1. What ranking of L123, L243, L90 comes out by heavy-atom accessible area, probe 1.4 Å, highest first?
2. Please work out how much length the chain gains when fully extended from L6 to Y108, using 0.36 nm per residue of separation minus the C-alpha to C-alpha distance, in nm with one decimal.
3. If DNA, RNA and ligands are ignored and the probe is 1.4 Å, what is the ranking of D262, D114 by accessible area, most exposed first?
4. Testing the spin-label approximation: label points 7 Å from Cα along Cα→Cβ at V326 and R198. State their distance in nm.
5. Sort M292, M267 by heavy-atom solvent-accessible area, probe 1.4 angstrom, most to least.
6. For the stretch 97-138, report the accessible area per residue in Å² (1.4 Å probe, heavy atoms, rounded to an integer).
7. If ligands, DNA and RNA are left out, what is the accessible area of F25 with a 1.4 Å probe, given in Å² to the nearest 10?
Amino acid sequence: MLPDRLSDFVTLSVSVFIESLPFVFLGILLSIVVQVWLPPTLIERVLPRRPALRRAALSLLGVLLPVCECGNVPLARGLILRGFTPAEALTFLLAAPILNPVTIITTYQAFGWDHGILVARILGGFVIANLVGWVFSRHPRQHEILTPQFEASCRHAAAGGDHDHEHDHDAHLGEDGEARANAGSLAGLSRRTRTRLRRSALSFAEESSAMLPALAVGSGVAGAIQVGVPRETLLLLGSHPLLSVLALVALAFIISICSNVDAFFIMSFGSTFMPGGIVAFLVFGAMMDIKMLALLRTTFTTRTLLQLLAIIGLCSIAIGWGVNLVA
């Protein structure tokens, strides 16, 4: 028999890992679709050209992609590999866990229109994501936002890889006459499909090998802190306008719960904590927690993550405090 605290640690860590795993795989598959299977200019054609409008449109992309925050990390990596700037990918990454139909529906089911919690969560997520996108778009050297390893992967993707090889081969086939060209086009189509399948398999293996260890570490740390920090300590702070916000932001960071189900978790705290604390929990936790930090470390530098943590944290606290002052 395991000691109680060790048993709790294992249970909490494994539950966070298992809860997140399907969304990570879904995110990886969507990332592969974006990188390998979509026509090169499809997304670019439908997005506005002005940077602010482009980031606003990207932040609404989550409406079409009901994936929680951990699943959006590989998808955001796929966008950067596809040629989007890190600032644009960050805007999508932070907004999508909140502005997606599953999160909106579960939040409505938990709170309805009570105290404006649903509206504050949607608007808060949209504003913070676009603010972060604007801040990082001002960085003069976008590549310095990324880790050296991932930045090297982006350079390799930009160089073309197998894609150029496909076109070279097709051009060579075109020199052998019409009959052979028709047969060659069918063969070429089959060859391109096989090439894309091979690239998809390689991308799945690469993304899984990058994401799963980070997810395991993040889940373990989240489980350890939940065991080490008594939840009763946080509950004592629930009736203060500012301290209730700070307490639930800290709780969101520690427990690392999925944004698709976090509304049901925090609903049980509704009678203890002020509405602003609930809003801060729902906004901050969907964008940043221990598990997310571990996943994001595969893509962004430590300096970038600290800046993200500061901006998202301060904005979430300000929104929650404001809601408490007018509630």
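1. Numbers: L123 105, L243 70, L90 0 Å².
I get L123, L243, L90, largest accessible area first.
2. Working: separation 102, 0.36 × 102 = 36.72 nm, distance 3.60 nm.
Fully extending the segment from L6 to Y108 adds 33.1 nm.
3. Working: D262 0, D114 95 Å².
Reading off the accessible areas and sorting them downward yields D114, D262.
4. Inter-label distance under the simple model: 5.8 nm.
5. On the way: M292 0, M267 85 Å².
From most exposed to least exposed: M267, M292.
6. Values: 1910 Å² over 42 residues.
Normalised by residue count, the accessible surface of the stretch 97-138 is 45 Å².
7. Using a 1.4 Å probe on the heavy atoms, I get roughly 60 Å².
The values are calculated or read from the model by the stated rules, or taken from the named source; none is laboratory data. Please read all numbers here as calculations on a predicted model, not as lab measurements. No Cβ is skipped: glycine too gets one built from the backbone with ideal geometry, and neighbour counts run over all protein chains shown. Surface accessibility is based on the protein's heavy atoms, side chains included, excluding ligands, DNA and RNA. Shrake-Rupley method; radii C 1.70, N 1.55, O 1.52, S 1.80 Å.
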